[in-house]
Amino acid sequence: LETVCLKLNLSSVHVTFSTEDEWDLMGQSGWIQRIGRQYHWHNRDYSTFDDFLNELTSRKRKAIRKERRTIVDQNLVVRPYVGGDIQASHWDSFYRFYIDTYDRKWGYPYLTRAFFEAIQERLGDNIVLMIAELDGLPVAGALNLCSANTLYGRNWGCIEDFPFLHFETCYYQAIDFAIANNISRVEAGTQGPHKIQRGYEPVETYSAHFIPNNSFRDAVENFCREEKREVEREILRTKEHSPYRQKST
């Protein structure tokens, strides 16, 4: 990678989401090391969602049950569609949710309608689409990508606001799906300490960066050094507020 970078006169090379061992190796070779943060839910051989809830403190357990009950009380139904079960009408609805999210955030929706059908054709059962319906009409959805042992939460959108629907569609339905399919981990991505209260735990992620220009390299390295300290402090703080019950030794 270094040889190609120098030969092509590129500004830099970046390896993201490496393993810790790969990260250590690149650091030994002089690459800048960066630590990030994501929130993951871990399946500890649960048979049901209640098994997971029983691992939480009483207050957090009651809060989650209340949130899920609110979904039922609003006559909302959320269900997963996998691979071939996903119809064109589902993608039509989800694309509308996706566009609406960007409209409200003043962003640019860079994925096209055709993209979603293309990934379904190429990835098949690795696509898990959560659709929320009110009286049979889709009102929200969340796109997940699934490997043999991990469910990756990606895009979410809705066309109407309902209390706790985001948590149900993106977090609790993902946990339900992981338990039912013996998936060991759900990755809910970055941001959102609110995920901690719903059973998702902070974990470190690793990236490494090769930058030939010394001035540019020094600036990036200083930033990563300061950022690393802040990420480590934040992970320690969030772990102190873990919703899981402390087990006696």
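The values are calculated or read from the model by the stated rules, or taken from the named source; none is laboratory data. Quantities reported herein were computed from a predicted structural model and do not represent experimental measurements. Backbone-built Cβ (ideal geometry, glycine too); neighbour counts: all protein chains shown. We work out accessible area using only protein heavy atoms, side chains counted, and drop any ligands, DNA or RNA first. Shrake-Rupley method; radii C 1.70, N 1.55, O 1.52, S 1.80 Å.
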Checklist entry - With +1 on each Lys and Arg Cβ and -1 on each Asp and Glu Cβ, how big is the dipole of segment 144-210 about its Cα centre, in debye rounded to the nearest 20? => result 160
Checklist outcome for this item: Per principal axis, largest first, the Cα atoms of segment 35-93 extend in Å by 42, 40, 26
Checklist entry - Just the accessible area per residue of the chain, please: how many Å² with a 1.4 Å probe? => result 57
Checklist entry - Which value at 222 nm does the chain reach when only helices count, each DSSP H run of 4 or more adding -39,500 (n - 2.57), with the total divided by all residues and rounded to the nearest 500 deg cm²/dmol? => result -12500 deg cm²/dmol
Checklist entry - For the chain, which whole-number percentage of the solvent-accessible area (1.4 Å probe, protein heavy atoms only) is attributable to carbon and sulfur atoms? => result 50
Item to check | Two-decimal Rg/Rh across segment 1-64, once Rg and the Kirkwood Rh are taken from alpha-carbon atoms | outcome: 1.31
Checklist entry - What is the dipole size for segment 45-176, taken about its Cα centre, with +1 at each Lys and Arg Cβ and -1 at each Asp and Glu Cβ, in debye to the nearest 20? => result 500
Checklist entry - Once phi is turned into ³J(HN,Hα) by the Karplus curve 6.51 cos²θ - 1.76 cosθ + 1.60 with θ = phi - 60°, what whole-Hz value does each residue of segment 63-78 show in order, with x for glycine and proline? => result 5, 5, 4, 5, 4, 5, 5, 4, 4, 5, 5, 8, 6, 8, 10, 10
Checklist entry - Using only the Cα atoms of segment 150-249, what do you get for the radius of gyration and for Dmax, in Å? => result 17.9, 53
Checklist entry - How about segment 1-70: which GluC sites (Glu not before Pro) there lie in a loop by DSSP and see at most 16 other Cβ atoms within 10 Å? => result 55
Next on the checklist: Net charge within 12 Å of residue 29 by Cβ-Cβ distance, Lys/Arg positive one each and Asp/Glu negative one each, not counting residue 29 itself?
Outcome noted: -3
Checklist entry - Got a sec? Charge dipole of segment 1-159, +1 on Cβ for Lys and Arg, -1 for Asp and Glu; which of 111, 27, 53 is way out at the positive end? => result 53
Checklist entry - So how many Lys-Lys pairs in the chain land under 28 Å Cα to Cα, not counting same-chain pairs under 8 apart? => result 15
Item to check | Tilt relative to the chain, helix 113-123 - C-alpha long axis, 0 to 90 degrees, to 10 | outcome: 80
Checklist entry - Using Cα atoms only, what is the angle between the long axis of helix 88-105 and the major principal axis of the chain, expressed in degrees (0 to 90) to the nearest 10? => result 60
Next on the checklist: Need the full-extension length gain, residue 10 to residue 29, defined as separation in residues times 0.36 nm minus the C-alpha distance. One decimal, nm.
Outcome noted: 5.0 nm
Next on the checklist: Test of understanding: express the Cα radius of gyration of segment 45-175 as a ratio to 2.2 N^0.38 Å, with N the residue count.
Outcome noted: 1.10
Checklist entry - How much length, in nm to one decimal, is gained on full extension between residue 213 and residue 92, taken as 0.36 nm per residue of separation minus their Cα-Cα distance? => result 38.9 nm
Checklist entry - When only C-alpha pairs under 8 Å and at least 6 residues apart count, what is the relative contact order of segment 127-249, in percent? => result 18
Next on the checklist: Under 5 Å between amide hydrogens, which residues at least 5 positions from residue 162 or on another chain qualify, with H placed 1.01 Å from N in the peptide plane?
Outcome noted: none
Item to check | Positive minus negative residues near residue 79 (Lys, Arg vs Asp, Glu; Cβ under 13 Å) | outcome: -4
Next on the checklist: Quick one: 3J(HN,Hα) in Hz for segment 206-216, Karplus 6.51/-1.76/1.60 with θ = phi - 60°, rounded, Gly and Pro as x.
Outcome noted: 10, 9, 9, 9, 9, 10, x, 5, 5, 5, 4
Item to check | For segment 184-236: span of alpha carbons on each principal axis (Å, largest first) | outcome: 43, 23, 14
Checklist outcome for this item: Applied in sequence order to segment 226-243, the curve 6.51 cos²θ - 1.76 cosθ + 1.60 (Karplus, θ = phi - 60°) yields integer Hz couplings, x standing for Gly and Pro, of 5, 4, 4, 4, 5, 4, 5, 5, 5, 4, 5, 5, 5, 5, 5, 9, 4, x
Item to check | Check: the chain dipole with +1 on Lys, Arg Cβ and -1 on Asp, Glu Cβ, in debye | outcome: 740
Checklist entry - When the chain is fully extended, how far beyond the present Cα-Cα distance does residue 69 get from residue 108, taking 0.36 nm per residue of separation? => result 10.6 nm
Checklist outcome for this item: Note on the chain: the mean projected area of its alpha-carbon convex hull, in nm², is 16.6
Checklist entry - Between the DSSP loop rule and a limit of at most 15 other Cβ atoms within 10 Å, which chymotrypsin sites (Phe, Trp or Tyr not before Pro) in segment 1-38 are left? => result none
